[in-house]
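**Student:** Below is a structure I'd like to ask you about.
The values are calculated or read from the model by the stated rules, or taken from the named source; none is laboratory data. Quick caveat: nothing in here was measured; it's all calculated off a predicted structure. Every residue, glycine as well, gets a Cβ built from its backbone with ideal geometry; the counts of neighbours run over all protein chains shown.
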Amino acid sequence: MKLSEYVTYDGVGLADLAARGEATPEELASAAQRASDAVNPQINAVVETWPAQDTPDPGSTPLAGVPFLIKDLAVTMAGKRVELGSRIAAGNVAGTDSSLMARFRRAGLVTLGRTATPEFAYSTTTEGVLHGATRNPWDPTRTPGGSSGGSGAAVAAGIVPIAHATDAAGSIRVPAASNGLFGLKPTRGRVSMGPDADEVFNGLAVHGALSRSVRDSAVLLDLVRGPEIGDPYFAQQPERPYAQEVNRSPGSLRIGLLTRPWGGRAVDGAIVDATLRSARLAESLGHQVEKVQVDLGVGWEEFVLANARLWSANLVTWIDGFAADLGRPIDSTTVEPEMLASYAYGRQVSGADFVHALAVRNDVARAIGRYFAGYDLLLTPTLPELPVPLGTYAKGAECADGLGWLRQLFHRSPFTAGFNVAGTPAMSVPLATDPDTGLPIGIQFAAGYGREDVLFRLAGQLEQAAPWAHRNPTVWAGNHNNA
């Protein structure tokens, strides 16, 4: 299979080829490896590859035989390294499959490697010391976003049609917006974090995926959703498979429009224009769109402070655990400056501080829940600016304390984190491009708790009305016909 043919299919399309006997899983895996060889040196999205281990029966699932990549964090594959993008965890090998990895195998996905993440997924850019900076396929001088930046860049460049991602404050939606992809953050409790963790970042983090088509994300979520024994959260299972929702009419939805983020930072004019065009598109499809103000439940600084306390306290346990298990010091030889600052900050978080942060989580969940009692969806920009040049986040990072580092991250992505704290689903849809640079612009839609069905219906409608599959980045595996 030529790469120019391979990249024209999404995951469901490749699986269909295999089911009809027009390509074997081995041929698809070979194409993915050749795609990685062709483009990964330019974008540094994939940090390790390995030969295909699973041999699924073609046709056994809607994604059987599809090449796949996992993020270097939060999912473990027996016998493979999971280093969380950090030197302190370098060489760490997983002993067993996590619950999600077992579901990926049962889904028939052929996992061929792992993708780059910033250290401990604690950033919305992917520029770690361990593996170096990951580059945006649309403009390699710019960030692909984070923390699932490696997965985003790999999918955008055509290495695989879909890849694993996680999201604790926007880490699916930020790379989706930065790389011109579809990315949906599921409801808290939709996908198990087990068995080694009951929750990550106290319920703020979830598993998901980045894809070029809506149906790929819907089908994968169908294949991996549902609780495991001992999970602390439960999201009611949908009435029908999400794959069926993609082609169902959403009806006339009541959508609130918010173009100014919590915290009040300025939004680039091109981003605002793209968001307003998307609102008009929604209206043309029969939806009711009106400008709204959305109560976050607490002030912005209190929101940032609560997140900093939760994030950094969790970080302490991770760093201490790897230091003890691998016999390594906790210093500049093993941990990056902003993470050392966040580690120091986390060690100062008291039990009372932590409990107060959880109370803020409750306040935010209640406030956002009240909004969705009156509206079906909220429409916002995913990001307030275009992907920034590589190195932007590093300016002054060595002097920041733990609170200051998180404040910078939330300044860069102020529209996304509220839905992690509330536990509600949200998606970034690649509906626009910047007319001056050609860079993609993502538009975010958020829904009430457990309402991924509404998001998938709208996403399928938007994909038909304003298709994006024909838009390819500069670094694109399909340009390498001889690979």
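**Student:** May I ask you to say which residue of 376, 363, 401 is more than 28 Å from residue 435 (Cβ to Cβ) and at pLDDT below 95?
**Tutor:** Working: 376 fails: at pLDDT below 95; 363 fails: at pLDDT below 95.
When all the criteria are applied, what remains is 401.
**Student:** Grab the helices (runs of 4 or more DSSP H) fully contained in the stretch 1-90, keeping just those with 3 or more residues being touching a helix residue (DSSP H, G or I) at 6+ places or on another chain (Cβ under 7 Å) and within 16 Å of residue 209 (Cβ to Cβ). So that I can check it myself, show each step before the final result.
**Tutor:** Working: elements: 3-6, 11-19, 25-43.
By residue number, 11-19.
**Student:** Looking at this structure, is residue 14 in contact with a strand residue (DSSP E or B) (Cβ under 7 Å, 6 or more places away or on another chain), crowded, with 20+ Cβ neighbours inside 10 Å and either at pLDDT 95 or above or within 20 Å of residue 181 (Cβ to Cβ) (or both)?
**Tutor:** Values: in contact with a strand residue (DSSP E or B) (Cβ under 7 Å, 6 or more places away or on another chain): no; crowded, with 20+ Cβ neighbours inside 10 Å: yes; either at pLDDT 95 or above or within 20 Å of residue 181 (Cβ to Cβ) (or both): yes.
No: the conditions fail for residue 14.
**Student:** Another question, if that's okay. From 447, 417, 397, 466, grab the single residue that is of a type in the set (A, V, I, L, M), under 29 Å from residue 309 (Cα atoms) and surrounded by fewer than 22 Cβ atoms within 10 Å (Cβ to Cβ).
**Tutor:** Numbers: 447 fails: surrounded by fewer than 22 Cβ atoms within 10 Å (Cβ to Cβ); 417 fails: surrounded by fewer than 22 Cβ atoms within 10 Å (Cβ to Cβ); 466 fails: under 29 Å from residue 309 (Cα atoms).
Answer to the selection: 397.
**Student:** Another question, if that's okay. Taking the criterion of being among the aliphatic types (A, V, I, L, M) and out of contact with any helix residue (DSSP H, G or I) (no Cβ under 6 Å at 6 or more places or on another chain), would at least one residue in the stretch 288-295 satisfy it? Working first, answer last.
**Tutor:** Residues of the stretch 288-295 that are among the aliphatic types (A, V, I, L, M), as a first pass: 289, 292, 294.
Now narrow it down to the ones that are out of contact with any helix residue (DSSP H, G or I) (no Cβ under 6 Å at 6 or more places or on another chain): 292.
Yes, the stretch 288-295 contains at least one residue that is among the aliphatic types (A, V, I, L, M) and out of contact with any helix residue (DSSP H, G or I) (no Cβ under 6 Å at 6 or more places or on another chain).
**Student:** Is it true that some residue in the stretch 229-236 is at pLDDT 95 or above and aliphatic (A, V, I, L, M)?
**Tutor:** no
**Student:** What residue, of 304, 272, is in a helix (DSSP H, G or I), modelled with pLDDT of 95 or more and under 30 Å from residue 349 (Cα atoms)?
**Tutor:** Values: 272 fails: under 30 Å from residue 349 (Cα atoms).
Sole residue among the options that is in a helix (DSSP H, G or I), modelled with pLDDT of 95 or more and under 30 Å from residue 349 (Cα atoms): 304.
**Student:** For residue 259, which of the numbered conditions (1) part of a loop (DSSP other than H, G, I, E, B); (2) under 14 Å from the mean Cα position of the chain (by Cα) fails to hold?
**Tutor:** Of the numbered conditions (1) part of a loop (DSSP other than H, G, I, E, B); (2) under 14 Å from the mean Cα position of the chain (by Cα), the odd one out for residue 259 is (2).
**Student:** Moving on. Look through the stretch 207-242, keep the residues that are closer than 17 Å to residue 183 by Cβ and among the small types (Gly, Ala, Ser), and return whichever of them is surrounded by the fewest Cβ atoms within 10 Å (Cβ to Cβ).
**Tutor:** Here the answer is 213.
**Student:** Look at residue 421 and say whether it is touching a residue at least 12 places away in the same chain (Cβ under 8 Å), β-branched (Val, Ile, Thr) and touching a strand residue (DSSP E or B) at 6+ places or on another chain (Cβ under 9 Å).
**Tutor:** Details: touching a residue at least 12 places away in the same chain (Cβ under 8 Å): yes; β-branched (Val, Ile, Thr): yes; touching a strand residue (DSSP E or B) at 6+ places or on another chain (Cβ under 9 Å): no.
Considered against the rule, which asks whether it is touching a residue at least 12 places away in the same chain (Cβ under 8 Å), β-branched (Val, Ile, Thr) and touching a strand residue (DSSP E or B) at 6+ places or on another chain (Cβ under 9 Å), residue 421 comes out as no.
**Student:** If you don't mind, another one. Looking at 102, 89, 107, can you tell me which residue is touching a Ser or Thr at 6+ places or on another chain (Cβ under 6 Å) and aliphatic (A, V, I, L, M)? First the steps, then the outcome.
**Tutor:** Numbers: 102 fails: touching a Ser or Thr at 6+ places or on another chain (Cβ under 6 Å); 89 fails: touching a Ser or Thr at 6+ places or on another chain (Cβ under 6 Å).
Residue meeting the stated conditions: 107.
**Student:** Still on this structure, please answer the following. Would you confirm whether any residue within the stretch 152-169 is assigned to a loop (DSSP other than H, G, I, E, B) and within 14 Å of the chain's Cα centre (by Cα)?
**Tutor:** yes
**Student:** Specify the residue that is nearest to residue 402 (Cα to Cα); the eligible residues are those in the stretch 326-360 that are charged (D, E, K, R) and touching a residue at least 12 places away in the same chain (Cβ under 8 Å). Break it down into steps so the answer makes sense when it comes.
**Tutor:** Initially, the stretch 326-360 is screened for residues charged (D, E, K, R), giving 328, 331, 336, 338, 347, 353.
Applying the additional criterion that residues be touching a residue at least 12 places away in the same chain (Cβ under 8 Å) yields 328, 336, 338, 347, 353.
On the way: 328: 22, 336: 12, 338: 7, 347: 10, 353: 15 Å.
Going through the qualifying residues, I end up with 338.
**Student:** Can I ask one more? Please count how many residues of the stretch 340-354 are part of a helix (DSSP H, G or I) and farther than 15 Å from residue 307 by Cβ. Let's see the steps before the verdict.
**Tutor:** Step one: filter the stretch 340-354 for residues part of a helix (DSSP H, G or I), giving 340-347, 351-354.
Filter again for farther than 15 Å from residue 307 by Cβ, leaving 340-341, 343-344, 347, 351-352.
Counting residues in the stretch 340-354 that are part of a helix (DSSP H, G or I) and farther than 15 Å from residue 307 by Cβ gives 7.
**Student:** Another question, if that's okay. Please tell me if residue 222 is in contact (Cβ under 8 Å) with a residue 12 or more places away in the chain, touching an Asp or Glu at 6+ places or on another chain (Cβ under 9 Å) and in a helix (DSSP H, G or I). Can you show your working first?
**Tutor:** Numbers: in contact (Cβ under 8 Å) with a residue 12 or more places away in the chain: yes; touching an Asp or Glu at 6+ places or on another chain (Cβ under 9 Å): no; in a helix (DSSP H, G or I): yes.
Here the answer is no, as residue 222 does not meet what is asked.
**Student:** Kindly provide the set of residues from the stretch 424-460 that are assigned to a helix (DSSP H, G or I) and either more than 27 Å from residue 137 (Cβ to Cβ) or free of Cβ contacts under 8 Å to residues at least 12 places away in the same chain (or both), ordered by number. Step through it out loud before you land on a result.
**Tutor:** Start the filter on the stretch 424-460 by keeping residues that are assigned to a helix (DSSP H, G or I), which leaves 452-460.
Listed by number, the residues that qualify are 452, 453, 454, 457.
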